[in-house]
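The values are calculated or read from the model by the stated rules, or taken from the named source; none is laboratory data. In this text, all values refer to a predicted model and were calculated from it rather than measured experimentally. Here the Cβ is made from the backbone with ideal geometry for all residues, glycine too, and neighbour counts use every protein chain on show. Ligands, DNA and RNA are excluded from the accessible area calculation, which covers all protein heavy atoms including side chains. Shrake-Rupley method; radii C 1.70, N 1.55, O 1.52, S 1.80 Å.
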Amino acid sequence: MSLTRISLLLAVLLVGPPADQQTPGRGNTAPETLIPQVRTALGRGRVADARRAVETSTAAAIAREFATALIEIFEGKDDAARTRLQPMVDRGNNPDAVLELALIHIRTGKRADAERMLAPLVAVRTFNGPDDYFRLARAAQPVGEYLLAKDAYMEIEKVKRADVQTGFGDLFLSKHAYGEAATSYRMALEADPAWVEAHLGLSRAVFEEDPKEAGEILETARKLAPEYPDVWLLTAERALFEDDIAGAKAAIDKAAQFRPGTIEEAALRGSTAYIEGRTSDMDAAIAKVAAIDPLSARGWRALGEAAALKYRFDDGVEFAKKAVALDAADQRAHADLGLYSLRTGDEALARTELEIAFKLDRSDVVTFNLLGMLDKLEKFVVVEQSPFIFKFPSAEAGALGAYALPLAEEAFKQFQERYAFQPKGPILVEIFGVHDDFAVRTVGLMGLTGALGACFGRVVSMDSPRARPPGDFSWQATLWHELAHVFSLQMSDYRVPRWLTEGISVFEEHRRQPAWGRELTLEFAHALSRGRTFGVKGLPSAFKRVESLAMAYFEASLLVEHLVELNSDAGLRTLLLAYKDRATDAEAFAKAFGRSVDEIDASFKTFVARKYGDLAKAMAEPSGKPNPDDLIALRKLGASSPDNFIVQVTLGQTLFKLGDLSGAKAALERAAELAPQATGDTSPRALLAAIAEREGDRTRKRRELRALLLYDHTNIEAARELAQLAAAARATDDEDYALRLVADLDPFDPQIHGALGRRLMAKGEYLAALIEFKAAVAVGPPNLAEAHADVAEAALKLGRNEEARKAALASLDKAPTYTRAQDLLLAARIKK
């Protein structure tokens, strides 16, 4: 929430608690209750009730004047309010009038006057009750005394007043303390369920965690107070976030209807103009902000926020630079410039700006986190390999770099050829061994859940395999996914719809490795059987709902697969370029495929039915619910539903638990036939492997594990088990497959690298073997002398005599009498 918005809010929430939290009636308003009742009416968005209270009041003229000024402030009539408040301030002994006039001065660029007026209020240390603490908190925030404001709120944190709790919530919200903010807002709503700003604040506080709840809360506020300007400002912001520009402009018009001519209105109009490419209207919005407050950088910051929302961080940097040039004391502008610079890869400028921002406000947790993250990055190992700059944690650089660099090079070459596009570089890839460091690099806050990687166009950040338990995810699939974003984002000039950029990245995963990007196959087939897929028209909105996001990624990748089937990669290229030229979906599809959206939607449904129709039938809800506790009924259901996966796998799991291995085997084999994509420890293949183990059939177990791993590609324990079984049986194909999978999932396992390297040597794949042996050395194996000797042998096979000589010497340094290393050193010296 911006300082301007906070100031507008606090200007309304003036003077003392509403004694009974009741809306003013039609009778005369007693003098001692006029201000609280007006404040309550305005807090509920009932301007007519506030005016009626003033008109019918028998309070003194000065109280009626003050109440009228509050109404004028609410309506954005700062000039009129200033005229009323100035005589009260001149007469002295009215700190509330001083505060309100000072806040008006801040909103209209008279900061020196405001700071002079606020200084005595901030210096007060004699308090007679909640009103005094509340006034101090409100006065402290505009002058940057956030800790003082917090201390004041802490003194009244248990006061059951909607205005107090909302103010405290706003302070928390401005510092990204969303949990604490939500708590304060809920306390405000307990005190007064109709307090509009508490609803708006709560909607903001829960938005990142639960967008659906945030939307419901905002809708509640709209119903409570359809003429409340801030309701429509937040509605406009949400519409911008959802790429609903028409909705945003309509909401801005609504806000202007009830509070015209504010900085926030002008700033949001500038944002919509930027997104639509209306340069003259952007200029007009900036001019409007300057007319209201010549010192305000809010217009430029809003443009930067809009640019960042569209991933156009180069524009964001330029707008933020103009913001800090206009107002060097705007902490948010410096923080924005720091954040946007991080996302363009300019970490030197980012540090400079973030340090300035932190000096201006040492309570900003995002700035603090980002500076801490940059401190850690300075200790990372930097590896430059055009067009990439990789940064690895020092303990991970050797092993991870051995895999990441060639994988990135492979991805870049494939994408460059496929999309006929050369991205702007260099491309900075930062891989974090601690997930919270990745989270901070990405959003500035710890605790980011769900995400494994992020791409900002020229910057990729992601978790390393050490950031999560081995086998929790495929870091290679993540890197491949994010590098695909580099191409779709840049090629479309960052105008690609989210469904398309994510669909392309997941589909590119699948192209690289058939199991990648297909983890939700059974869930999709189940949704298909129930008619609950999204289709072309439903995908954009599916990406806006947390509960449907994972499935939206999957279905978007299927749509991209279908589009490639329709017109090859050329269709995708044309589609991305059409979006670059600001085409609508209809225009883009017509240009790339010669079809309407409806036609694409129809052909996509046919494609999905052809590809997943049989699986959908197998995943359909059975006619009877399989109950593991009723074995007789379950057996009957199994006999009558031989083509239903849910029934067959439930029957197989139940019989397995009961020890009926023969019966379990039959049901599980049928389930595996129906849905071979099933994964996990209780999947048909996993349980069939367990049955084979109990029956002593190692060959069958090996076969089942291999079949499982074709889809369960992150199941590192199954892969380790397969490697051991295959080695014992001299089943080299299975062993190679399993070792490769384990090494890819956990590149910090030295024994796996050594074993895989020796298998590659046996097949004559010396370069691949050398990579594995070097990775083993980097990780630190139990026998370092042997590992160096492995490197020497592979290098020697490749004719790299000098490299072999150095590796042999390193081996002898660890074990001076090691015969193998001596022989390798001699061979390296002899061969020229």
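The residue that is most open to solvent (accessible area, probe 1.4 Å), counting only those in the range 767-785 that are in contact with a Leu (Cβ under 8 Å, 6 or more places away or on another chain) and closer than 20 Å to Arg820 by Cβ, is Val777. The number of residues in the range 428-467 being closer than 17 Å to Lys391 by Cβ and without any contact (Cβ under 8 Å) to a residue 24 or more places away in the chain comes to 3.
Is it fair to say Ala246 is of a type in the set (Gly, Ala, Ser), at pLDDT 95 or above, more than 21 Å from Val546 (Cα to Cα) and touching a helix residue (DSSP H, G or I) at 6+ places or on another chain (Cβ under 9 Å)?
Numbers: of a type in the set (Gly, Ala, Ser): yes; at pLDDT 95 or above: yes; more than 21 Å from Val546 (Cα to Cα): yes; touching a helix residue (DSSP H, G or I) at 6+ places or on another chain (Cβ under 9 Å): yes.
When the stated conditions are applied, Ala246 passes them.
In the range 759-766 there is at least one residue matching the filter, namely being touching a Leu at 6+ places or on another chain (Cβ under 7 Å), modelled with pLDDT of 95 or more and open to solvent by 60 Å² or more (accessible area, probe 1.4 Å).
Tallying residues that are out of contact with any Gly (no Cβ under 6 Å at 6 or more places or on another chain) and of a type outside the set (Gly, Ala, Ser) within the range 274-295 yields 9. Among the residues of the range 782-832, what is the count of those that are of a type in the set (Ser, Thr, Tyr) and in a helix (DSSP H, G or I)? Of the residues in that region, 2 qualify. Of everything in the range 620-644 that is open to solvent by 90 Å² or more (accessible area, probe 1.4 Å) and out of contact with any Lys or Arg (no Cβ under 9 Å at 6 or more places or on another chain), the residue that is nearest to Thr533 (Cα to Cα) is Ser623. Within the range 329-356, residues that are open to solvent by 40 Å² or more (accessible area, probe 1.4 Å) reach partners that are of a type in the set (A, V, I, L, M, F, W, C) with beta carbons closer than 6 Å, at six or more positions or on different chains, in the pairs Arg351/Leu374. So, of the residues in the range 580-619 that are closer than 30 Å to Ala672 by Cα and among the hydrophobic types (A, V, I, L, M, F, W, C), which turns out to be most open to solvent (accessible area, probe 1.4 Å)? Result: Ala609. Annotation: of all residues in the range 810-832 being aliphatic (A, V, I, L, M) and open to solvent by less than 70 Å² (accessible area, probe 1.4 Å), the one that is farthest from Ala778 (Cα to Cα) is Ala827. Would you check which residues across the range 177-200 are under 22 Å from the mean Cα position of the chain (by Cα) and open to solvent by 40 Å² or more (accessible area, probe 1.4 Å) and list them? Selection gives Tyr178, Gly179, Glu180. For the range 45-64, filtering for residues that are in a helix (DSSP H, G or I) and buried (at least 18 other Cβ atoms within 10 Å of the Cβ) leaves 8.
Looking across the range 341-377 at every residue that is of a type in the set (Ser, Thr, Tyr) and touching a helix residue (DSSP H, G or I) at 6+ places or on another chain (Cβ under 7 Å), the one that is nearest to Arg312 (Cα to Cα) is identified as Thr344.
Please find, among Leu528, Leu559, Leu563, the residue that is under 30 Å from Ala214 (Cα atoms) and more than 26 Å from the chain's Cα centre (by Cα).
Within the list Leu528, Leu559, Leu563, the selection yields Leu528.
Being open to solvent by less than 60 Å² (accessible area, probe 1.4 Å) and either part of a helix (DSSP H, G or I) or modelled with pLDDT of 95 or more (or both) is a description that applies to Ala287. The set of residues in the range 290-328 being in a loop (DSSP other than H, G, I, E, B), open to solvent by 10 Å² or more (accessible area, probe 1.4 Å) and among the charged types (D, E, K, R) consists of Lys310, Arg312, Asp327.
For every residue, the table says whether it meets (1) aliphatic (A, V, I, L, M); (2) closer than 19 Å to Thr714 by Cα; (3) open to solvent by 10 Å² or more (accessible area, probe 1.4 Å).
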{"residue": "Lys424", "(1), (2), (3)": "no, no, yes"}
{"residue": "Met446", "(1), (2), (3)": "yes, no, yes"}
{"residue": "Gly450", "(1), (2), (3)": "no, yes, yes"}
{"residue": "Ala454", "(1), (2), (3)": "yes, no, yes"}
{"residue": "Val460", "(1), (2), (3)": "yes, no, no"}
{"residue": "Arg468", "(1), (2), (3)": "no, yes, yes"}
{"residue": "Gly471", "(1), (2), (3)": "no, yes, yes"}
{"residue": "Ala477", "(1), (2), (3)": "yes, yes, no"}
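For Glu735, indicate whether it is in a helix (DSSP H, G or I), free of Cβ contacts under 8 Å to residues at least 40 places away in the same chain, within 27 Å of Ala525 (Cβ to Cβ) and not basic (Lys, Arg). No: the conditions fail for Glu735.
Based on this model, can you work out whether Ala738 counts as in contact with a Ser or Thr (Cβ under 8 Å, 6 or more places away or on another chain), crowded, with 24+ Cβ neighbours inside 10 Å and over 12 Å from Ala402 (Cβ atoms)? When the stated conditions are applied, Ala738 does not pass them. Evaluated against (1) under 24 Å from the mean Cα position of the chain (by Cα); (2) at pLDDT below 95, Thr344 falls short on exactly one condition, (2). Just to be sure, is Phe380 under 30 Å from Glu410 (Cβ atoms) and surrounded by fewer than 22 Cβ atoms within 10 Å (Cβ to Cβ)? It is true that Phe380 is under 30 Å from Glu410 (Cβ atoms) and surrounded by fewer than 22 Cβ atoms within 10 Å (Cβ to Cβ). Going by the structure shown, is Ala250 open to solvent by 30 Å² or more (accessible area, probe 1.4 Å), within 29 Å of the chain's Cα centre (by Cα) and aliphatic (A, V, I, L, M)? Spelling it out, Ala250 is indeed open to solvent by 30 Å² or more (accessible area, probe 1.4 Å), within 29 Å of the chain's Cα centre (by Cα) and aliphatic (A, V, I, L, M). Do you know which of the residues in the range 383-416 that are charged (D, E, K, R), open to solvent by 30 Å² or more (accessible area, probe 1.4 Å) and in contact with a helix residue (DSSP H, G or I) (Cβ under 9 Å, 6 or more places away or on another chain) is nearest to Glu482 (Cα to Cα)? If we take residues in the range 383-416 being charged (D, E, K, R), open to solvent by 30 Å² or more (accessible area, probe 1.4 Å) and in contact with a helix residue (DSSP H, G or I) (Cβ under 9 Å, 6 or more places away or on another chain), then Glu410 is nearest to Glu482 (Cα to Cα).
Candidates Glu265, Glu276: the one that is more than 28 Å from Thr352 (Cα to Cα) and surrounded by 18 or more Cβ atoms within 10 Å (Cβ to Cβ) is Glu265.
Residues that are at pLDDT 95 or above, of a type in the set (S, T, N, Q) and open to solvent by less than 30 Å² (accessible area, probe 1.4 Å) occur in the range 18-41; there is at least one. Just the residues that are without any contact (Cβ under 8 Å) to a residue 12 or more places away in the chain and of a type in the set (Asp, Glu), please, taken from the range 164-210. If the condition is that a residue be without any contact (Cβ under 8 Å) to a residue 12 or more places away in the chain and of a type in the set (Asp, Glu), then Glu180 is the only one that fits.
List pairs: first in the range 655-684 and closer than 28 Å to Gly471 by Cα and polar (S, T, N, Q), second in a helix (DSSP H, G or I) and open to solvent by less than 70 Å² (accessible area, probe 1.4 Å), Cβ under 7 Å, 6+ apart or cross-chain? Short answer, once both residue conditions are applied: Gln677/Thr521; Gln677/Leu522; Thr682/Gln653; Ser683/Leu708. Only one entry in Glu213, Glu237, Glu208 is within 18 Å of the chain's Cα centre (by Cα) and surrounded by 19 or more Cβ atoms within 10 Å (Cβ to Cβ), namely Glu237.
Restricting the range 706-730 to residues that are open to solvent by less than 20 Å² (accessible area, probe 1.4 Å) and small (Gly, Ala, Ser) leaves a set whose member that is farthest from Ala477 (Cα to Cα) is Ala726.
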